[in-house]
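Derivation of every value follows stated rules applied to the coordinates shown; laboratory data play no part. Not measured: the values here are computed from a predicted model. Cβ sites come from the backbone with ideal geometry, for glycine too, and all protein chains shown count toward neighbours.
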Amino acid sequence: MSDPTSVQGIFNYMAPMEHRPQYFLYTPPEGTVQHRPENVKHTMTVRDGRGAGLSLDGEGFEIVPHVSRVKDFYDNDEVREVYYPEVGELLKKHTGATRVHTFDHNQRHGDRDRYDSAGVSQPVRFAHNDYTLKSGPQRVRDLVPDDAETLLQHRFAVINVWRAIGPPIESTPLGVLDASSLQPEDFVDTDLVYEDRTGEIYSVTHRPEHRWFYFPKMHIEEAMLLKCYDSATDGRARFTAHSAFDDPDTSEGAPPRESIEARSLVFWAPEA
Ligand code: OGA
Ligand code: FE
């Protein structure tokens, strides 16, 4: 009998490789050798995270009720003007942080005809974490250069606030890996090579013990908080890998997934 509180999902993991993996996010000069990782698919149990007692510091993610005043989540100006401050308030309230700097967002749409228009992206079916030991602090230096050295003396985190912006999500939900089921060796430094800079993310290699979760039918008045970096080394969750996957329970004719994620630097520095 199938377990009503879990589904089987197929996830793309990175196949182990010799070279440092890299993705070019522009067309590199002719003759450039690209060390693009190969994916390997693994079928994993994905548990329903609702009521599972998940927390940002325990497993690295959780879901909270949150009502936004944003009318059109595809309007980038409105997102910056209305949503970013809401995200800041939510994170302060939820984490006790003293300062939050929300710095970017992506809308995603599961329908092929909708992504790339107006900067809308598609779901990402690849297990990864957006920041690494190196690129977490680098983001602080890039975004708040004047205060970075002071801020970096205290605990800080990068937290992604992820939500539905259309109908309740049925197709291609976001799976998230319980940080406590990951070992440091599962994370592989991976370069994102842009024309003007190189970012670093973690690709993830498979381990049978990985515990995946998702929140079925996320709706617009909920927010998933997802920790992508934490400077604390006291045993809290520091990195939370995630990937879109195809939920086999998706009903026929379910609408394509529509979501937004907004990323913030979250500081616990004492106030000046
Ligand atoms: C993210 C992310 C992928 C998706 O929010 O960082 O990788 O499919 N999202 O929503
Ligand atoms: Fe991501």
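Remarks
- Each residue of the stretch 180-195 was assigned a 3J(HN,Hα) from its phi angle through the Karplus expression (A = 6.51, B = -1.76, C = 1.60, θ = phi - 60°), giving 6, 9, 9, 9, x, 5, 6, 8, 10, 4, 9, 7, 9, 9, 9, 4 Hz with x at Gly and Pro.
- Hydrodynamic analysis of the chain uses the Kirkwood radius over alpha carbon pairs. Inserted into Stokes-Einstein at 20 °C and 1.002 mPa s, it gives a translational diffusion coefficient of 111 µm²/s.
- Percentage relative contact order, the chain, counting C-alpha pairs under 8 Å, at least six apart: 33
- Within a straight-line Cα-Cα reach of under 14 Å, K217 can be paired with the following aspartates and glutamates, leaving aside sequence neighbours fewer than 8 residues apart in one chain: D48, E170, D246, D247, D249, E258.
- Computed with the Debye formula from one identical point scatterer per Cα of the stretch 205-247, without solvent, the log10 of I(q)/I(0) at q = 0.13, 0.30, 0.32, 0.34 Å⁻¹ comes to -0.42, -1.22, -1.24, -1.27.
- Distance (nanometres) between label positions extended 7 Å along Cα→Cβ at A52 and T27: 4.3
- Long-range tail of P(r) for the stretch 3-80 (Cα pairs > 22 Å, %): 63
- Each residue of the stretch 211-226 was assigned a 3J(HN,Hα) from its phi angle through the Karplus curve 6.51 cos²θ - 1.76 cosθ + 1.60 (θ = phi - 60°); the sequence is 10, 9, 10, 8, 10, x, 6, 4, 10, 5, 9, 10, 10, 9, 9, 9 Hz, with glycine and proline shown as x.
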